[in-house]
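Notes follow once the structure below has been shown.
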Amino acid sequence: MKDEIALQFLQIVILLFAAAAAWIMLAWRRRGFRESRIWTVYCVEMGIVTTILVPAYLGGIWLGAMAVGLCAVTCWELYGALHAAGDRPRRHVGVAVSCVFVGSALFRPELSVIALPVLLAVALLARFAASRLDSPTLASGSSTLVGILFPGLCIAHFVAIGTLEGGFGYLVFLYALIEINDVAAFLVGGAIGRRKLWPGLSSNKTVEGSLAGALACVALAFPLSFTVPGLSVAQLLGAGLLLAVAGQAGDLIASGFKRRAEIKDFSELVPTQGGVLDVYDSVVAVSPLFYYYLRLGGP
């Protein structure tokens, strides 16, 4: 089953990238298009897809190694933003603890499932106590917990999805719909977007783009049903809605961190894209919710 899903999805990806390359060449030739960075964007997008989906297909230690690496880099980037905003998180401790959770999710995913609500409650209490008691220690601890929660434990749930029966298909479904959501919101928002969705967090996102992304995400959940054959029509609809809303919310959360730190991107590691967390923020944010959806309401 996994090989069949991989083959069908690979054919779709090849078709999409071939169409994109043809469009670029046509624009280059007929319209005098001379933006050299477009090919950089093209290659970066291929790399982004490969980085996630090849380890997801291989599974096991390959999925775990990719996720630990992703966790280390994205946590480091987030802690940099928190530091720029005036917080004093214990960066090395937070990265190390996050990576332990992500690595353990490959063998004991229930640890991350339990840890997420517990540490979220602890972080909120620590933040509240720090503001009331003016305690630098509590403030540092709560800031450190933020990075362990997001992206740390969120990525651990991504790994946990991969450990489920049919996990590769679920990861493909998750990643593909998040990408569809982002692309549709970007294209429609850039073309006809007028009303800002949440200007306090992001100046680029529009209501029109957000609605287009959500509709595209829900609509294309059904053509992608071959990746999740165990889901019914109603479950596909619910998954599409969940990923559409949570994906955009995750992007806004990441924008909130950047706005607070007064930075444009989390880093400059990915050409034309910014930081690694800028690329994968939505995927990271939706992973826990999608995991719970599959465990509680899935097949």
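The values are calculated or read from the model by the stated rules, or taken from the named source; none is laboratory data. Bear in mind the structure is a predicted one, so any value in this text is a computation, not a measurement. Note: ideal-geometry Cβ built from the backbone for every residue, glycine included; neighbour counts use all protein chains shown.
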Name the residue, out of Ser143, Ser112, that is more than 24 Å from Val172 (Cβ to Cβ) and either touching a residue at least 12 places away in the same chain (Cβ under 8 Å) or part of a helix (DSSP H, G or I) (or both). Ser143
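The rows are residues; the columns are (1) surrounded by 15 or more Cβ atoms within 10 Å (Cβ to Cβ); (2) touching a Gly at 6+ places or on another chain (Cβ under 9 Å); (3) within 16 Å of Pro151 (Cα to Cα); (4) not polar (S, T, N, Q).
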residue: Gly59; (1), (2), (3), (4): yes, yes, no, yes
residue: Leu63; (1), (2), (3), (4): yes, yes, no, yes
residue: Met66; (1), (2), (3), (4): yes, no, yes, yes
residue: Cys75; (1), (2), (3), (4): yes, yes, yes, yes
residue: Ala85; (1), (2), (3), (4): yes, no, no, yes
residue: Val95; (1), (2), (3), (4): yes, yes, yes, yes
residue: Cys99; (1), (2), (3), (4): yes, yes, yes, yes
residue: Gly103; (1), (2), (3), (4): yes, yes, yes, yes
When every residue in region 199-210 that is loosely packed, with under 15 Cβ neighbours inside 10 Å and within 14 Å of Ser255 (Cα to Cα) is compared, the one modelled with the highest pLDDT is Asn204
Is there any pair with a first residue in region 56-74 that is farther than 21 Å from Val270 by Cα and in contact (Cβ under 8 Å) with a residue 24 or more places away in the chain and a second that is buried (at least 18 other Cβ atoms within 10 Å of the Cβ) and among the aliphatic types (A, V, I, L, M) whose Cβ atoms are under 7 Å apart and which are 6 or more apart or on different chains, and what are they? Tyr57/Ala6; Gly64/Leu106; Gly64/Val159
Could you go through region 214-223 and let me know if any residue there is in a loop (DSSP other than H, G, I, E, B), surrounded by 21 or more Cβ atoms within 10 Å (Cβ to Cβ) and at pLDDT below 80. no
What number of residues in region 248-266 are touching a residue at least 40 places away in the same chain (Cβ under 8 Å) and either out of contact with any Asp or Glu (no Cβ under 7 Å at 6 or more places or on another chain) or of a type in the set (Lys, Arg) (or both)? 12
For Ser282, state whether it is assigned to a helix (DSSP H, G or I), hydroxyl-bearing (Ser, Thr, Tyr) and closer than 21 Å to Gly69 by Cβ. yes
Is it the case, given these coordinates, that Thr137 is in a helix (DSSP H, G or I), closer than 30 Å to Ile5 by Cα and free of Cβ contacts under 8 Å to residues at least 60 places away in the same chain? no
Verdict on Leu236 being within 22 Å of Leu149 (Cα to Cα), part of a helix (DSSP H, G or I) and in contact (Cβ under 8 Å) with a residue 12 or more places away in the chain: no
